[in-house]
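Asker: Handing you a structure now.
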Amino acid sequence: MDSSQLFATLGTHMNDETVVVVVEDDPNIADLVELYLRRDGFRPYQADTGERAIEVIAERRPKLILLDVGLPGDLDGLDVCRSVRAESDVPIIFLTARDDEIDRVLGLELGADDYVTKPFSPRELMARVKAILRRTDGSVGRDRPPVIDLPEGIIIDVGRREVTVHSEPVALATREFDLVRHLAEHRGLALSRRQLIDGVWGVDWVGDDRTVDVHVRQLRKKLGDGLRLETVWGVGYRLD
Ligand code: CA
């Protein structure tokens, strides 16, 4: 398999893993919804309070949010919706328990993209999820540049050419971004300096292989200890 095939494989895989955040304090409902999401190839993350929801949403940048209205703690589902809407248009489907909650959701000018009433059929919910994703940004079944999720809260958004560490954007030079992206697209593989030069700078690039070392040093400095960028002696580098 050459590197373009590998990239195609990784790209497809990552597009299939559309992140969905499930905000729900009833663990039975949350687990059931998570099960159905996983079965359909989504990557779900749970949050059981409004406060936690805001953290998880900021960190995971979901393509869709399933949001229970009645939540324990200071922030209910509507508060979470307002807070999210201040920053993004990510689709939100409310999970409502009672008629008065439905009225509040419908009265919300910020707007839910949809809502389902408990008890709901998970099958029906999944149909709504897919319909909304098809309608909004095409995450389902269409090619989008991947968002690569690394450990320790490091996220590479290829489309936006942005790297964030725990949701904080990190300013990278063009080649630094290309290098960390290339390593991330070949995660777990030891790549030689020459392979990295070819992949990042291009096969025609004339220069010293040590350029890679300089850029690796910058990446380690800027992205911190969470970046699992290992030196493979006698070979080059590997991102775990
Ligand atoms: Ca609830």
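Asker: Counting Lys +1, Arg +1, Asp -1, Glu -1, what net charge surrounds SER121 among other residues with beta carbon under 15 Å of its beta carbon?
Answerer: Numbers: positive: ARG39, LYS118, ARG123, ARG128, LYS130; negative: ASP40, ASP114, GLU124.
Net charge around SER121: +2.
Asker: Report THR174's accessible area, 1.4 Å probe, all protein chains in place, as a number in Å² to the nearest 10.
Answerer: Estimated to the nearest 10 Å², THR174 gives 90 Å².
Asker: Below 8 Å, C-alpha to C-alpha, sequence gap of six or more: please give me the relative contact order for the chain in percent. Before the final figure, lay out the partial values.
Answerer: Values: 370 pairs, mean separation 33.5, N = 240.
For the chain, the relative contact order is 14 percent.
Asker: What is the calculated FRET efficiency for ARG85 to TRP233, with r their C-beta to C-beta distance and R₀ = 41 Å, to the nearest 0.05? Before the final figure, lay out each step's value.
Answerer: Working: r = 50 Å, r/R0 = 1.23.
Between ARG85 and TRP233 the formula returns 0.25.
Asker: Evaluate E = 1/(1 + (r/R0)^6) for ASP40 and ARG135, where r is the Cβ-Cβ distance and R0 equals 25 Å; express this FRET efficiency to the nearest 0.05. Let's see the in-between values first.
Answerer: Details: r = 17 Å, r/R0 = 0.67.
Working from the Cβ atoms, E equals 0.90.
Asker: Obtain the nm distance between the two label points defined at ARG104 and ASP157 by a simple spin-label model: each point lies 7 Å from its Cα along the Cα-to-C-beta direction.
Answerer: Label-label distance for ARG104 and ASP157, simple model: 3.0 nm.
Asker: Based on the Kirkwood radius over alpha-carbon pairs, what value in µm²/s does the Stokes-Einstein equation return for the translational diffusion coefficient of the chain at 10 °C and 1.306 mPa s? Write down the numbers at each step before the final one.
Answerer: Values: Rh = 19.6 Å.
Approximately 81 µm²/s, per Stokes-Einstein.
Asker: How do the peptides 68-75, 180-187 rank, highest first, by the average count of neighbouring beta carbon atoms within 10 Å per residue?
Answerer: Numbers: 68-75: 17.5, 180-187: 20.8.
By packing density, highest mean first, the sequence is 180-187, 68-75.
Asker: Can you pull the Rg over Rh of the range 147-239, Cα-only, Kirkwood? Present the calculation step by step, with values, prior to reporting the outcome.
Answerer: Working: Rg = 12.4 Å, Rh = 13.2 Å.
When Rh is taken as the Kirkwood radius, the ratio is 0.94.
Asker: Still on this structure, I have one more. Can you check what the net charge comes to around GLY226, using other residues whose Cβ is under 14 Å from the Cβ of GLY226 (Lys, Arg +1; Asp, Glu -1)? Before the final figure, lay out each step's value.
Answerer: Numbers: positive: ARG220, LYS221, LYS222, ARG228; negative: GLU59, ASP149, GLU152, GLU168, ASP225, GLU230, ASP240.
Combined, the nearby Lys, Arg, Asp and Glu give -3.
Asker: In the chain, with Lys and Arg counted as +1 and Asp and Glu as -1 at Cβ, which of these residues, ALA58, GLY199, GLN218, has the Cα nearest the positive end of the dipole, that is, farthest along it?
Answerer: In the chain, that residue is GLY199.
Asker: Same structure, new question: Which residues does the label zone of ASP204 cover in the range 178-193, counting backbone N under 20 Å from a point 7 Å along Cα→Cβ?
Answerer: 178-179
Asker: Report the extension gain between ALA190 and ALA171 in nm, rounded to one decimal, defined as 0.36 nm multiplied by the number of residues separating them, less their alpha carbon distance.
Answerer: Numbers: separation 19, 0.36 × 19 = 6.84 nm, distance 2.56 nm.
Here the segment from ALA190 to ALA171 would lengthen by 4.3 nm.
Asker: Each residue of the range 95-101 in turn: what ³J(HN,Hα) in whole Hz from Karplus with 6.51, -1.76, 1.60 and θ = phi - 60°, glycine and Pro shown as x?
Answerer: The phi angles translate into 10, 10, 9, 9, 4, 5, 5 Hz.
Asker: Report for the chain the percent antiparallel among DSSP-assigned beta bridges with both residues inside it, nearest 5. Could you put the intermediate results ahead of the total?
Answerer: On the way: 17 of 34 bridges.
In the chain, DSSP labels about 50 percent of beta bridges as antiparallel.
The values are calculated or read from the model by the stated rules, or taken from the named source; none is laboratory data. Note that the structure is predicted; figures quoted are calculated from it, not measured. With ideal geometry, Cβ positions are generated from the backbone for all residues, glycine too; neighbour counts draw on all protein chains shown. Note: accessible area is taken over every heavy atom of the protein model, side chains too, but ligands, DNA and RNA are not part of it. Shrake-Rupley method; radii C 1.70, N 1.55, O 1.52, S 1.80 Å.
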